[in-house]
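**Q** To start, I am sharing the structure in question, which I have written as structure tokens.
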Amino acid sequence: MTDKSTGKVLGVGGVFFRSHDPGKLANWYRETLGLEIEAWGSTHGTSFSPDAMPANAFTVWSTFAADTEYFGDPQQAFMINLVVDDLNAALANVRAAGGEVIPEKEEHDFGRFGWIVDPDGNRVELWEPPEKMPESDE
């Protein structure tokens, strides 16, 4: 820490969630979406390295209303958004692995979005950032 420390948040340090079979779920993410996962999690290599993020990608921290339908199952309290380099290929990988791909996709100036459901039933958002971000009016 420097003398100018303020105690403010600098980034997301991890995403932690429960699974009835953590090893199997970790293996599914490794084989299906290419996450580099060790026994305790993923930090090394290309997975989650700031240098691995494509141009125009960023991390969002957002709270939603308790009755949002955006997460799918109303019992799901959180949803992870994973940045992908090719949305269509990532969805095809999930489909090929027998995973559930939500049919709807969205395309916006700020990227393309698709959704999957992992083997534990968690809805996960996949985001392919645009090559160029739209100009801001601000």
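**Q** Within segment 91-112, can you find the residues that are of a type in the set (A, V, I, L, M, F, W, C), under 23 Å from residue 56 (Cα atoms) and modelled with pLDDT of 95 or more?
**A** 91
**Q** Within segment 61-138, which strands (runs of 3 or more DSSP E) (wholly inside it) include 3 or more residues that are acidic (Asp, Glu) and more than 19 Å from residue 34 (Cα to Cα)?
**A** In segment 61-138, 100-108 are the strands (runs of 3 or more DSSP E) which contain 3 or more residues that are acidic (Asp, Glu) and more than 19 Å from residue 34 (Cα to Cα).
**Q** Go through 89, 66 for me and flag whichever is among the small types (Gly, Ala, Ser), surrounded by fewer than 16 Cβ atoms within 10 Å (Cβ to Cβ) and farther than 24 Å from residue 31 by Cα.
**A** Going through 89, 66 in turn, just one is among the small types (Gly, Ala, Ser), surrounded by fewer than 16 Cβ atoms within 10 Å (Cβ to Cβ) and farther than 24 Å from residue 31 by Cα: 66.
**Q** Under 6 Å between Cβ atoms, at least 6 apart or on separate chains: pull out the pairs that start in segment 103-132 with a residue that is farther than 11 Å from residue 80 by Cα and end on any residue that is of a type in the set (Phe, Trp, Tyr).
**A** Taking only residues 6 or more apart or on different chains, the pairs are 106/113; 111/127; 113/127; 119/28.
**Q** Further question on the same structure: At pLDDT below 90 and either outside any loop (DSSP other than H, G, I, E, B) or closer than 20 Å to residue 129 by Cβ (or both): does that describe residue 18?
**A** no
The values are calculated or read from the model by the stated rules, or taken from the named source; none is laboratory data. All of these numbers come straight from a predicted model, not from anything done at the bench. Quick reminder, even Gly has a Cβ in these numbers, built from the backbone with ideal geometry, and neighbours come from all protein chains shown.
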